[in-house]
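Reading through the structure tokens given below for one structure.
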Amino acid sequence: MKLSFTKMQGCANDYLYLDCRASGVPEKIVPLAQKLSARHFSVGADGIICICAPRTPGADGTMRIFNADGSEAQMCGNGIRCVAEWLHVHDPACAEKSVLKIDTQSGLKTLTRMGEELWQVEMGVYSAMAADLPAVNMGEGPLVRCPLEVDGKPWNVTCISVGNPHCVTLVDDVDSLKLEAIGPAFERHPNFPERINTEFVEVVDATHLKMRVWERGSGETWACGTGTCATVAALVEHTVAREELILALQGISDMERLVGRIVYGTAGGRDLASLRAAMEKLPLVKAQLSCFEKGRLHQLDEALDDLNDLAALIGQTLVDEPPFSVREGELIRDGFDGEVDRLRTILHGGKGIVVSMEAAEKEKTGIRTLKIGYNKVFGYYIEVSNSFKDQVPESYIRKQTLVNGERYITQELKDLEHDILSAEDRVKALEYQLFTDLRLHVAEQAARVQRAAAIVAELDALCSLAAVAVKNNYCCPVVDESGVIEIHDGRHPVVEQMRRDSMFVPNDTYMGEKDDRVAIITGPNMAGKSTYMRQVALIVLMAQIGSFVPARAARIGVVDRIFTRIGASDDLSAGQSTFMVEMTEVSDILKAATADSLLILDEIGRGTSTFDGMSIARAVLEYCADPKKLGAKTLFATHYHELTALEGELPGVRNYNIAVRTRGEDIIFLRKIISGGADRSYGIEVAKLAGLPKQVLTRARHILQELEDEAGKPHAAPVETDQVSLEALSESAVIDQLRRAQVDTLSPLEALNLLYELKNKLQ
């Protein structure tokens, strides 16, 4: 048999391509596919693709795929791209087209030419519903993280149809899988009546996946276009699972606060109703967690108590919307307590009960004229006309004689009277007792509620961190004990969200265990020094709590503590100035920090005179940098440019500055951290940005020039003559009183009293 074919590959997915536009698909295509696809014995391929005449008006051709075992597939992403290239080369009608439409067994597909031998196919929407695969015994779908037993081993799979069926499962090490053993078991699993393609996927990092494919009818192949699409779709569905978990957590109130009120006996009916509403959401949360077969979420799933019994008890006991007060009744649900129901019936339907009793007494006695009445003197009574007095039962007690009849009472009637008149108080008291019993029972289960609340709180935090990481493109940091902090393109997680009108400039950070341990950061105000230091501290903190971080990549050596001294403020209540507060905090930091700590120090010493402040700043910096004293990783922002000389004097100290550009008298902040110290502070330029008057700025420049001309001549500190001590004040008062005293006229006793008074003032 003579056969013309073209062999082509897309991403190493290789097929034999037959031109069947005029002849149609060969009659014996099944054995032909089996024979020619056999590797080592024939041409070898993943199968045969027949390029046929179009079925749909306006289409350019039809693709039919026959796998290596002869079975026909619906779709192949790599195969159809090769078909498009074949038509582009061999069909004059397609040669000039940049967009081709090709029929497949899963519908019409559109392909766009992206370059030389490069085509992109629009796969259309995917589906995770069982009917679209098809799949049986797995529910209707979506089939996301579904349990599947294969050869006696449990797997969690996500089933996706992208024109043909795929089963995607995440694994830790894709290379170690014996695909030739487990692949056929997946392919021919009874849950997939038309067999299935299987993708085993290892997530390397946020942007990198490793995938091995077992294709139905072809075995393991080097690539699969639809399989890749299905894998991405499966991971998107996992994202959907995260979002569904977030939705399941919504509306859960603060259970820990509520159970605290319950334990202390201050909770009302609405508190218990809120707790019930929160507990009723826990089964849904647990159902969402069941999708995760390992990791922390799996652990939380196993530990989470859905508290069904407590939620059911509260629901059975209390009405859906309890009143504010627990002592005013209408708190207990109808049907929960028989006595409450009886008293409510009496309270709300007393007249009907009397009518019923009257009818019953008429029937029992045969007295047609019998009636039950009420007055304030006798209460409820039974009235019988004289013509029927001889039929009155002996149990009736005569109470009053009338002209036309007699009035009687019975024990049953008096009991009813008591019930009607006392029903309101009794039902309120009984409802309150039932409520307190319920509250006490829930309080006894407080530990269970608190454990569930802690799990919900952790889930909420994890979901929030995950959602923020995905939304803002955070990376997964490497956390180790290397002692190195290495951040590439780090960002401040808050500031970048606030700067919607401009792009946040990312910065790198490197702090080694010995080299580059201390960074002196200089630059003008508003340039971004504090933002940069805070972002480093936040990235380290986020990494160590297990969060993704706002960076392109990050390696975080574990620190034991993070200390910060940023900002300036007085403590008026304690009578402490800004400088005193600053020194107190710095003192606490230096006493508590270790060599494994991270220190963030901003403008140390600015609250006092220039030379005092610079001296203190340098001393603190030397102490932090010296491994024999502290040797902690330190970010030190300062306007004392003289400190930049320490780079060559102290080991591990590096200078950095915030890059700026000047244009005339204007300044542009570039927000980029670069090596080296700043050349000046640009204070006047910043003042101009703040809107200071032009005359003030001009005078400031003149003064600055004068000071720079006198550089190196420190000014003596002014003598503070206006401030006196408390002791001096006391002496002044004594002298003043002596001057005013009339010594010549004082008696001996008055003189002694004066001396005693003056002595006390001097003590």
Report summary line: Taking every other residue with Cβ under 13 Å from the Cβ of residue 97 and scoring Lys and Arg +1, Asp and Glu -1, one gets -2
Query raised in the report: How far apart, in nm, are two points set 7 Å out from the Cα along the Cα-to-Cβ line at residue 472 and at residue 40?
Result: 5.6
**Report entry** Residues with amide H under 5 Å from that of residue 475, placed H, sequence gap 5 or more
**Finding:** 549, 551
Report summary line: Log10 I(q)/I(0) at q = 0.17 Å⁻¹ for the stretch 341-385, from Debye over equal alpha-carbon scatterers, is -0.54
Query - Fully extended contour minus Cα-Cα distance, from residue 177 to residue 116, at 0.36 nm per residue - result: 18.3 nm
Report summary line: For the stretch 544-560, in residue order, the Karplus 3J(HN,Hα) values (coefficients 6.51, -1.76, 1.60; θ = phi - 60°; whole Hz; Gly and Pro = x) are 7, 8, x, 8, 5, 10, x, 7, 6, 7, 7, 10, 10, x, 4, 10, 7
Requested in this report: Quick one: which residues, 5+ away or cross-chain, put their amide H under 5 Å from the amide H of residue 221? H built at 1.01 Å from N.
Outcome: 213, 215
Requested in this report: Kindly put 530, 547 in sequence by how many other C-beta atoms sit within 10 Å of each C-beta, fewest to most.
Outcome: 530, 547
Query raised in the report: If you take all C-alpha pairs in the stretch 6-122, what percent of them are over 23 Å apart?
Result: 23
Requested in this report: With only Lys, Arg, Asp and Glu charged, each at its Cβ (+1 for the first two, -1 for the last two), find how big the charge dipole of the chain is about the Cα centre; round to the nearest 20 debye.
Outcome: 1340
Query - Cβ-based charge dipole, the stretch 130-249, positive-most Cα from 208, 249, 221 - result: 221
Query raised in the report: Antiparallel as a % of all DSSP beta bridges within the stretch 6-122, to the nearest 5?
Result: 75
Query - In sequence order, calculated HN-Hα J values of the stretch 612-625 (Karplus, 6.51, -1.76, 1.60; Hz; x Gly/Pro) - result: 4, x, 5, 5, 5, 4, 5, 4, 5, 5, 4, 5, 5, 7
Report summary line: The answer for the net charge of residues other than residue 650 whose Cβ lies under 9 angstrom from its Cβ, with Lys and Arg +1 and Asp and Glu -1, is -4
Query raised in the report: Residues with amide H under 5 Å of residue 408's amide H, sequence separation 5 or more or different chain, H placed in the peptide plane at 1.01 Å from N; which?
Result: 382, 383, 384, 399
Report task. Find the relative contact order for the stretch 6-122 and round it to a whole percent, using C-alpha pairs within less than 8 Å whose residues are 6+ positions apart. Result -> 21
Query - the stretch 134-203 - percent relative contact order, Cα under 8 Å, separation 6 or more - result: 33
**Report entry** Under the Debye formula (equal points on every Cα, no solvent term), log10 I(q)/I(0) of the stretch 221-290 at q = 0.12 Å⁻¹
**Finding:** -0.50
**Report entry** Listed residues 408, 494, 440: farthest to the positive end of the dipole of the stretch 407-520 (Cβ charges)
**Finding:** 408
**Report entry** Fraction of beta bridges assigned by DSSP in the chain that are antiparallel (%, nearest 5)
**Finding:** 70
Requested in this report: Note down the nm distance, to one decimal, between modelled labels 7 Å out along Cα→Cβ at residue 6 and at residue 364.
Outcome: 10.4
**Report entry** Highest-first arrangement of 626-638, 454-466, where packing means the average Cβ count within 10 Å
**Finding:** 626-638, 454-466
**Report entry** the chain - percent relative contact order, Cα under 8 Å, separation 6 or more
**Finding:** 6
Report task. About the Cα centre of the stretch 433-473, how large is the charge dipole given +1 on each Lys and Arg Cβ and -1 on each Asp and Glu Cβ? Please answer in debye to the nearest 20. Result -> 100
Query raised in the report: For 390, 254, what ranking results if the residue with the fewest other Cβ atoms within 10 Å of its Cβ goes first?
Result: 390, 254
**Report entry** Translational diffusion coefficient (Stokes-Einstein; Kirkwood radius from C-alpha pairs) of the chain at 10 °C, 1.306 mPa s, in µm²/s
**Finding:** 44
Report summary line: Once residue 96 and residue 692 are pulled to full extension, the length gained, defined as 0.36 nm per residue separation minus their Cα-Cα distance, is 207.9 nm
Report task. Could you give the spread of the C-alpha atoms of the stretch 419-516 along their three principal axes, from largest to smallest, in whole angstroms? Result -> 87, 39, 20
Query raised in the report: Ranked from highest to lowest mean number of other Cβ atoms within 10 Å per residue, what is the order of the peptides 162-174, 257-269, 400-412?
Result: 162-174, 257-269, 400-412
**Report entry** Full-extension gain in nm, residue 208 to residue 755, via 0.36 nm per residue minus C-alpha separation
**Finding:** 187.7 nm
Query raised in the report: Once phi is turned into ³J(HN,Hα) by the Karplus curve 6.51 cos²θ - 1.76 cosθ + 1.60 with θ = phi - 60°, what whole-Hz value does each residue of the stretch 594-603 show in order, with x for glycine and proline?
Result: 10, 5, 9, 8, 10, 10, 10, 10, 10, 6
**Report entry** Alpha-carbon Rg/Rh ratio, for the stretch 474-681, with Rh computed the Kirkwood way
**Finding:** 0.96
**Report entry** Cα shape, the stretch 338-440, gyration tensor, a/c 1.5 rule
**Finding:** prolate
Report task. Provide the net charge surrounding residue 121, with neighbours chosen by a C-beta distance below 10 Å and charges set as Lys +1, Arg +1, Asp -1, Glu -1. Result -> +1
Requested in this report: Distance check, please: which entries in 109/210; 28/153; 471/672; 35/178 exceed 31 angstrom between their Cα atoms?
Outcome: 28/153
Query raised in the report: How much FRET efficiency would the formula 1/(1 + (r/R0)^6) give for residue 345 and residue 239, where r is the Cβ-Cβ distance and R0 is 56 Å, rounded to 0.05?
Result: 0.50
Requested in this report: For residue 101, list the aspartates and glutamates whose Cα falls under 15 Å from its own Cα; do not include residues on the same chain fewer than 8 positions away.
Outcome: 60, 85, 91, 122
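Readers should treat all values here as calculations from the given coordinates under stated rules, not as data from a laboratory. Here the structure is a predicted model, which means the values were calculated and not measured. Every residue, glycine among them, receives a Cβ derived from its backbone with ideal geometry; neighbour counts consider all protein chains shown.
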